[in-house]
Amino acid sequence: MKHDTEALSGDGVTTHVHVWTPDGQPVRGLVQVLHGLAEHAGRYEGLAAGLCGAGLAVVAHDHRGHGHTAPGPDELGFFGDSGWAGVLADSARVRAHARTRFGEVPWALLGHSMGSVIALHDLATSGARPAAVVLSGATGKVGALLRIGQGLIQVELRRIGVRGRSKLLNATAFGTYNRAFRPNRTEFDWLSRDPAQVDAYVDDPLCGFLPTTSLWRDLVGGQAHLQTAEFLTRLPRVPYSVVGGDLDPVGGKGRQVQALVAMMRKLGLQVDLHLWPGGRHEMFHETNRDDVVADTTRWIAGKLAD
């Protein structure tokens with residue numbers, strides 16, 4: 001597997017992009033990966049290795065306010081003046097660049113957690129039509145982000161401004177996630193059963209930061225749109241795979257994930273569901289990640305070959 005990085009400019013933002021390509025074999029397809037909140041695209045190298053082994057190129061960028069796209073530590077967790085619209089524009093720009101680079105090969109879109117919200121918004125508003133879509137660590141109709149409430153976010157926006165970082169909002173969103181895994185070693189035990197993976201996240205200066213109030217506003221607003229059948233009917237009629245752990249607190253230990261899948265199926269979408277027993281939020285960083293990556297790779301490669 002070969003790995004290189006690129007910098008794409010647009011809307012006054014320089015987007016940091018990772019590109020992984022198969023070594024010694026032609027590129028049969030392309031997978032665009034959208035990472036989650038308070039992390040970065042570089043964490044998906046293990047997933048990229050599995051996909052490249054199947055002859056698929058992988059492109060993943062750091063969202064605004066994340067990773068190396070953020071101009072500096074003080075900008076982590078801030079989407080910027082363009083907000084959610086800018087985040088969606090970056091996704092489309094990176095994809096267009098990658099499709100130009102790799103030509104007319106079939107492509108898939110994979111979003112994890114916040115990335116799954118971005119992916120669904122992207123598909124519903126851009127007219128893009130991948131051959132397949134994978135949603136990882138997704139949630140359904142209820143969830144911590146929606147329970148925060150628009151009112152509380154507005155209060156914090158008025159109190160500390162768009163760049164303010166609210167411990168109250170963060171605690172309301174994530175504060176309950178660790179309770180099911182007591183006694184806790186860290187604040188992030190809910191991410192994975194693998195202590196080494198959790199420690200790597202904790203020790204990573206580009207992970208685990210407090211989001212700004214304006215990021216919460218944008219993300220909660222984006223998640224709210226996905227609760228309506230009217231919005232979901234705009235999604236392309238392509239195969240979807242929803243992947244998660246049945247102990248993931250973000251997905252209500254499977255309940256909210258199943259609710260999301262049921263809603264999508266009711267609208268006529270083809271959706272496969274794989275809830276891994278004992279899995280927490282980051283299945284691509286779980287103790288059984290090799291099996292998860294292999295299963296996800298088989299599913300994507302099969303759809304791209306259809």
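Bear in mind these aren't lab numbers, they're just calculated from the coordinates by the rules spelled out. A quick note: this is a predicted structure, and the numbers were derived from the prediction, not measured. Here the Cβ positions follow ideal geometry from the backbone for every residue, glycine too, while neighbour counts run over all protein chains shown.
What residue, of 99, 93, is closer than 30 Å to residue 161 by Cβ, surrounded by fewer than 23 Cβ atoms within 10 Å (Cβ to Cβ) and not hydrophobic (A, V, I, L, M, F, W, C)?
Numbers: 99 fails: closer than 30 Å to residue 161 by Cβ.
Only one candidate passes the filter, namely 93.
Which is of a type outside the set (Ser, Thr, Tyr), in contact (Cβ under 8 Å) with a residue 12 or more places away in the chain and surrounded by fewer than 20 Cβ atoms within 10 Å (Cβ to Cβ), of 219, 269, 260? It would help to see each step written out before you state the result.
Working: 219 fails: surrounded by fewer than 20 Cβ atoms within 10 Å (Cβ to Cβ); 260 fails: surrounded by fewer than 20 Cβ atoms within 10 Å (Cβ to Cβ).
Result: 269 is the single residue among 219, 269, 260 that is of a type outside the set (Ser, Thr, Tyr), in contact (Cβ under 8 Å) with a residue 12 or more places away in the chain and surrounded by fewer than 20 Cβ atoms within 10 Å (Cβ to Cβ).
Looking at the stretch 170-228 only, could you name the residues that are part of a loop (DSSP other than H, G, I, E, B), more than 23 Å from residue 65 (Cα to Cα) and of a type in the set (D, E, K, R)? Steps first, please.
Taking the stretch 170-228 and keeping what is part of a loop (DSSP other than H, G, I, E, B), we get 175-178, 182-188, 192-194, 204-212, 226-228.
Adding the requirement that they be more than 23 Å from residue 65 (Cα to Cα) leaves 176-178, 182-186, 192-194, 227-228.
Of everything in the stretch 170-228, those that are part of a loop (DSSP other than H, G, I, E, B), more than 23 Å from residue 65 (Cα to Cα) and of a type in the set (D, E, K, R) turn out to be 182, 185, 193, 194.
In the list 92, 60, 85, which residue meets the criterion of being in a helix (DSSP H, G or I) and in contact with a helix residue (DSSP H, G or I) (Cβ under 6 Å, 6 or more places away or on another chain)?
Details: 60 fails: in a helix (DSSP H, G or I); 85 fails: in contact with a helix residue (DSSP H, G or I) (Cβ under 6 Å, 6 or more places away or on another chain).
Checking each option against the conditions leaves just 92.
Inspect all residues belonging to the stretch 228-242 and state whether any of them is touching a residue at least 24 places away in the same chain (Cβ under 8 Å) and on the phi > 0 side of the Ramachandran plot.
So the first thing to find is which residues in the stretch 228-242 are touching a residue at least 24 places away in the same chain (Cβ under 8 Å), and the list is 229, 231-242.
Pick out the ones that are also on the phi > 0 side of the Ramachandran plot and you get none.
Within the stretch 228-242 (the criterion being touching a residue at least 24 places away in the same chain (Cβ under 8 Å) and on the phi > 0 side of the Ramachandran plot), the answer is no, since none of the residues qualifies.
Give me the pairs, please: first residue somewhere in the stretch 108-131 and closer than 24 Å to residue 52 by Cα, second residue anywhere and surrounded by fewer than 24 Cβ atoms within 10 Å (Cβ to Cβ) and of a type in the set (Phe, Trp, Tyr), beta-carbon distance under 6 Å, and either six or more positions apart or on two chains.
130/107
Could you list, in sequence order, all residues of the stretch 182-241 that are within 26 Å of residue 154 (Cα to Cα) and hydroxyl-bearing (Ser, Thr, Tyr)?
212, 213, 214, 228
Quickly run through the stretch 150-167 and pick out the residues that are free of Cβ contacts under 8 Å to residues at least 40 places away in the same chain and surrounded by 15 or more Cβ atoms within 10 Å (Cβ to Cβ).
Scanning the stretch 150-167 gives 152, 155.
I need the full set of residues from the stretch 262-283 which are farther than 15 Å from residue 189 by Cα and out of contact with any strand residue (DSSP E or B) (no Cβ under 7 Å at 6 or more places or on another chain), in order please.
Within the stretch 262-283, the subset farther than 15 Å from residue 189 by Cα is 262-277.
Within the stretch 262-283, 262, 263, 266, 267, 268, 277 qualify.
Mind listing whichever residues of the stretch 33-82 are out of contact with any Lys or Arg (no Cβ under 9 Å at 6 or more places or on another chain) and β-branched (Val, Ile, Thr)?
33, 58, 69
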